[in-house]
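Visitor: Sharing a structure with you now.
Taken together, the values in this text are just the output of simple stated rules run on the coordinates, not laboratory data. Just so it is clear, the model here is predicted, and its values are computed rather than measured. Here the Cβ positions follow ideal geometry from the backbone for every residue, glycine too, while neighbour counts run over all protein chains shown.
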Amino acid sequence: MDALACITSKQQLESFRVEFLGKKGRLTQVLRGMGSVSPEQRPIIGQLANDIRLFIEEQMDTLLLQLEANELEVKLLQEKIDVTMPGKRQRIGKKHPLTTVLDELVDIFIGMGFTIAEGPEVELDYYNFEALNLPKGHPARDTQDTFYISDNVLLRTQTSPVQIRVMEKKKPPIKIIAPGRVYRSDTVDATHSPLFHQIEGLVVDKGITMADLKGTLEILCKKLYGNDTKVRFRPHHFPFTEPSCELDILCPSCNGSGCRVCKSEGWIEILGAGMVHPRVLERCGINPEIYSGFAFGIGLERITMRRYGIYDLRLFFENDLRFLQQF
Ligand code: DAH
């Protein structure tokens with residue numbers, strides 16, 4: 001038992017077990033030697049050997065429990081956490097202001113039953129222009145000069161091509177928005193960037209009228225700018241809608257009397273919209289005698305600039321932390 005008293009680890013305990021109780025262990029040797037013991041002595045010695053085995057096993061079990069308890073205690077001591085130590089400050093990033101406003105817009109539209117659609121940024125001339133009633137040589141193409149990959153492949157100048165892609169695939173009712181990047185070969189200044197973002201909207205179903213367009217877009221403006229926002233619809237022209245309009249909100253800074261924010265106009269332009277041109281519907285295989293629809297396009301940068309009072313578009317894309325950390 002002196003040998004057991006010296007054991008301080010589980011490995012030592014295992015060696016002990018092998019030495020005494022293992023196949024070639026000392027006690028096993030005694031039992032093997034039983035053949036040479038006289039028959040009368042055999043049960044007595046056998047009994048004795050068994051008692052010894054039981055005793056050793058009991059002692060080993062007790063010791064094992066104790067060793068495990070010790071091990072746990074050492075581990076707990078080593079892994080102790082001092083909860084009073086000052087923590088490491090986690091640097092948490094923030095959403096880009098464009099993302100914040102886009103998320104808000106998406107939320108508003110999803111609340112009105114729209115789903116999200118997507119289209120490619122590298123687009124075919126057919127979808128970006130042709131199918132939207134802008135044939136080659138149409139003068140309105142000049143206002144949306146872009147980057148051409150080849151004669152018929154370009155970086156999309158607007159999110160409107162997603163309308164065509166959706167209508168080709170899905171029959172009405174259609175109620176989608178399509179947010180995304182668009183490109184124009186403009187020189188960078190405070191109000192122009194070769195890359196910016198739009199959110200396209202399209203609703204097509206039986207009996208859709210200009211009243212649906214007005215109702216939907218008025219709700220959008222009220223959710224975005226507050227319930228007493230005043231809106232006006234101004235006639236305009238887009239080749240893919242007829243009639244077309246632009247939506248303005250009454251300048252919240254001056255209430256219409258004219259100030260720096262609205263450039264003395266009293267009103268601020270928010271988006272372009274209109275009733276989908278029958279020829280556009282037809283080209284997508286939708287019968288304009290049965291179905292009608294409205295569409296709109298919102299400039300994300302413009303809305304975001306208005307929201308935060310940002311006057312230079314370049315700030316969005318320069319990744320200057322001094323700017324981004326303010327939001
Ligand atoms: N695509 C137009 C632009 O980039 C915006 C627009 C106007 C989209 C009217 C529409 C719409 O869907 O109906 O200027």
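Visitor: Calculate for the chain the 222 nm mean residue ellipticity that helices alone would give, adding -39,500 (n - 2.57) per DSSP H run of length 4 or more and normalising by residue count, nearest 500 deg cm²/dmol.
Guide: Details: 11 runs with 124 residues, N = 327.
Computed ellipticity for the chain at 222 nm equals -11500 deg cm²/dmol.
Visitor: Along the charge dipole of the chain, pointing to its positive end and built from +1/-1 on Cβ of Lys, Arg, Asp and Glu, which listed residue (Ser253, Phe327, His197) has its Cα farthest out?
Guide: Ser253
Visitor: May I ask you to derive the FRET efficiency for Tyr308 and Ile81 from their Cβ-Cβ distance with R0 = 45 Å, giving the value to the nearest 0.05?
Guide: Values: r = 42 Å, r/R0 = 0.94.
My answer for the efficiency is 0.60.
Visitor: Could you line up His138, His277 from fewest to most neighbouring Cβ atoms inside 10 Å?
Guide: Numbers: His138 13, His277 21.
Listed from fewest to most nearby Cβ atoms, that is His138, His277.
Visitor: Output needed: Cys residues of the chain lacking any neighbouring Cys C-beta below 4.7 Å, sorted by number.
Guide: When partners are defined as cysteine Cβ atoms under 4.7 Å apart, the chain leaves Cys6, Cys221, Cys245, Cys284 without one.
Visitor: Which order do the peptides 55-66, 195-206, 171-182 come out in when sorted by mean C-beta neighbours inside 10 angstrom, highest first?
Guide: Numbers: 55-66: 13.3, 195-206: 20.7, 171-182: 19.0.
With the highest mean Cβ count within 10 Å placed first, the list reads 195-206, 171-182, 55-66.
Visitor: Right, something else. Within the set of other residues whose C-beta is less than 14 Å from the C-beta of Pro288, count the net charge using Lys and Arg as +1 and Asp and Glu as -1.
Guide: Details: positive: Lys171, Lys206, Arg279, Arg283; negative: Asp205, Glu242, Glu282, Glu289.
Once all neighbours under 14 Å are counted, the net charge is 0.
Visitor: Given points 7 Å out from each Cα along the Cα-Cβ axis, report the Lys24 to Glu289 separation in nanometres with one decimal.
Guide: Between Lys24 and Glu289, the label points sit 10.2 nm apart.
Visitor: Please work out how much length the chain gains when fully extended from Glu57 to Lys95, using 0.36 nm per residue of separation minus the C-alpha to C-alpha distance, in nm with one decimal.
Guide: Numbers: separation 38, 0.36 × 38 = 13.68 nm, distance 6.55 nm.
Contour length minus the Cα-Cα distance gives 7.1 nm.
Visitor: As an exercise, identify the GluC sites (Glu not before Pro) in the stretch 245-300 lying in DSSP coil whose Cβ has no more than 16 other Cβ atoms within 10 Å. Could the numbers behind the result be given before it?
Guide: Details: sites: Glu246, Glu265, Glu269, Glu282, Glu289; in loops: Glu265, Glu289.
Here the GluC sites (Glu not before Pro) that fit, given the DSSP loop and packing criteria, are Glu265, Glu289.
Visitor: To continue, here is another question. With the Cα gyration tensor of the stretch 122-244 giving a ≥ b ≥ c as the square roots of its eigenvalues, does the rule (a/c under 1.5 for rounded; else a/b larger than b/c for prolate; else oblate) give rounded, prolate or oblate? Could you put the intermediate results ahead of the total?
Guide: Working: a/c = 1.93, a/b = 1.34, b/c = 1.44.
Oblate shape, in that a/c is at least 1.5 and b/c is the bigger or equal ratio.
Visitor: Out of the trypsin sites (Lys or Arg not before Pro) in the stretch 44-115, which ones are loop residues according to DSSP with at most 16 other C-beta atoms within 10 Å? Please report the intermediate quantities before stating the final value.
Guide: Numbers: sites: Arg53, Lys75, Lys80, Lys88, Arg89, Arg91, Lys94, Lys95; in loops: Lys80, Lys88, Arg89, Arg91, Lys94, Lys95.
Here the trypsin sites (Lys or Arg not before Pro) that fit, given the DSSP loop and packing criteria, are Lys80, Lys88, Arg89, Arg91, Lys94, Lys95.
Visitor: I need the calculated FRET efficiency for the pair Asp205 and Asp145, taking r as the beta carbon distance and R₀ as 56 Å, to the nearest 0.05.
Guide: Numbers: r = 35 Å, r/R0 = 0.62.
The calculated FRET efficiency here is 0.95.
Visitor: Another question, if that's okay. Measure out, as a whole number of angstrom, how far apart the alpha-carbon centroids of the stretch 145-212 and the stretch 31-102 sit.
Guide: The distance from the Cα centre of the stretch 145-212 to that of the stretch 31-102 comes to 66 Å.
Visitor: Roughly speaking, what is the stretch gain from Val106 to Lys222, that is 0.36 nm per residue apart minus the C-alpha to C-alpha distance, in nm to one decimal? Provide the component values of the computation, followed by the final result.
Guide: Values: separation 116, 0.36 × 116 = 41.76 nm, distance 1.47 nm.
Separation in residues times 0.36 nm, less the Cα-Cα distance, equals 40.3 nm.
Visitor: For the pairs Lys10/Lys75; Lys136/Lys170; Lys95/Lys263, note any where the Cα-Cα span goes beyond 19 Å. Walk me through the intermediate numbers first.
Guide: Numbers: Lys10/Lys75 15 Å; Lys136/Lys170 27 Å; Lys95/Lys263 29 Å.
From Lys10/Lys75; Lys136/Lys170; Lys95/Lys263, over 19 Å: Lys136/Lys170; Lys95/Lys263.
Visitor: To continue, here is another question. Jot down the per residue volume, in cubic angstrom and as a whole number, of the convex hull over the alpha-carbon atoms of the chain. Before the final figure, lay out each step's value.
Guide: Working: hull volume 104.7 nm³, N = 327.
Hull volume normalised by residue count: 320 Å³.
Visitor: Let me ask you something else. Amide H of Gly256: which non-local residues (sequence gap of 5 or more, or other chain) have their own amide H closer than 5 Å, using H built in the peptide plane?
Guide: For Gly256, whose amide H was placed from the backbone, the distant partners under 5 Å are Cys251.
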